[in-house]
1. Stretched out fully, how many nm does the piece from residue 198 to residue 302 gain, at 0.36 nm a residue minus the Cα gap?
2. From the alpha carbon gyration tensor of region 66-169, can you work out the equivalent ellipsoid semi-axes (sqrt of 5 times each eigenvalue) and give them in Å, largest to smallest?
3. Taking a temperature of 4 °C and a viscosity of 1.567 mPa s, what whole-number D in µm²/s does Stokes-Einstein yield for region 195-335 with Rh from Kirkwood over alpha carbon pairs?
4. Determine the distance separating the Cα centre of region 282-301 from the Cα centre of region 206-281; give it in Å without decimals.
5. Run the paramagnetic zone check for residue 294: 7 angstrom along Cα to Cβ, then residues of region 159-184 with backbone nitrogen under 14 Å.
6. For residue 62 and residue 221 in one chain, what is 0.36 nm times their gap in residues minus the Cα-Cα distance, to one decimal in nm?
7. Over all alpha-carbon pairs of the chain, lay out the pair-distance distribution in 20 Å bins, whole %, shortest bin first.
8. Quickly rank 307-319, 243-255, 151-163 as a protection proxy: mean count of other C-beta atoms within 10 Å, highest first.
């Protein structure tokens with residue numbers, strides 16, 4: 001996933017041997033910060049900056065740089081890397097491309113991107129990888145080893161097409177009726193524009209009388225959708241999570257009380273995207289009936305009503321007896 005945060009980005013076993021056999025004989029801890037670079041540039045311009053490498057191993061290690069383009073893989077948002085050299089991966093360079101880092105050492109690595117003249121405006125995506133194995137120069141071979149890298153998201157300035165929208169919004173395969181929360185929502189967002197988009201917005205939950213019951217962040221992970229791809233997002237409506245699996249009638253009723261919802265609800269998905277703040281919307285409906293809690297409440301109300309009715313009858317009989325006594329007898333009862 002494309003996540004905008006400084007973190008460790010471990011990509012182990014990209015080599016064929018690791019993918020095929022699921023075996024990595026050596027792994028190396030290298031922190032790359034930031035985890036992704038977002039860069040804008042004009043056609044014909046050279047842009048650049050620097051990033052940080054930290055060797056967290058107890059031994060000195062040598063790392064080698066390599067570059068790969070990537071696109072979207074399926075609807076998960078995970079990048080799919082390509083070894084073909086035909087785009088951003090050929091425009092990038094770092095200096096030096098071979099670094100030796102001592103244990104705990106922090107180094108700054110400069111990078112530059114030379115955007116060719118006449119490049120079409122839009123988004124270009126690649127990764128700068130660091131490996132303990134030198135990249136193979138043979139066209140029929142792949143270097144074998146662990147790869148650790150950072151994503152590079154380049155936007156070439158110009159008139160970029162912006163066209164996207166929600167293709168699906170539902171209850172993540174669940175039916176119309178629920179007995180309690182959570183309610184899981186799923187939406188798919190298609191990007192047919194020339195650059196990545198990051199939809200922002202909310203899912204507003206309205207109750208039976210159309211009063212907002214909750215507001216959910218529709219893209220809390222700040223996920224991007226690459227051009228000509230679809231990405232699926234999941235959002236959960238839950239008020240209070242259970243500390244352990246809920247079992248038993250009373251526990252179920254208690255869980256429904258802490259996540260109380262009853263009646264017909266509507267969920268309104270409202271997203272904005274692109275540099276022009278374009279909007280897209282969809283709505284889905286569902287019904288919640290917490291039957292364990294309702295039964296428990298009905299039993300409680302019935303017990304209270306039965307006890308109250310008995311007390312009221314006793315009080316009425318007492319009033320009637322008192323009214324049938326003479327004044328002297330009432331005084332004797334009160335003395």
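Derivation of every value follows stated rules applied to the coordinates shown; laboratory data play no part. The structure presented is a predicted model; accordingly, all values stated were derived computationally and were not measured. All Cβ positions, even for glycine, are placed from backbone atoms using ideal geometry, and neighbour counts span all protein chains on display.
1. Numbers: separation 104, 0.36 × 104 = 37.44 nm, distance 5.34 nm.
Length gained, residue 198 through residue 302: 32.1 nm.
2. On the way: eigenvalues 160, 64, 46 Å².
Working from the Cα gyration tensor, I get semi-axes of 28, 18, 15 Å.
3. Numbers: Rh = 20.6 Å.
Stokes-Einstein gives a translational diffusion coefficient of 63 µm²/s.
4. 18
5. Only 177-181 fall inside the zone, counting backbone N under 14 Å.
6. Numbers: separation 159, 0.36 × 159 = 57.24 nm, distance 3.33 nm.
Contour length minus the Cα-Cα distance gives 53.9 nm.
7. 23, 37, 24, 8, 6, 2
8. Details: 307-319: 10.0, 243-255: 11.8, 151-163: 17.2.
Per-residue mean Cβ counts within 10 Å order the peptides as 151-163, 243-255, 307-319.
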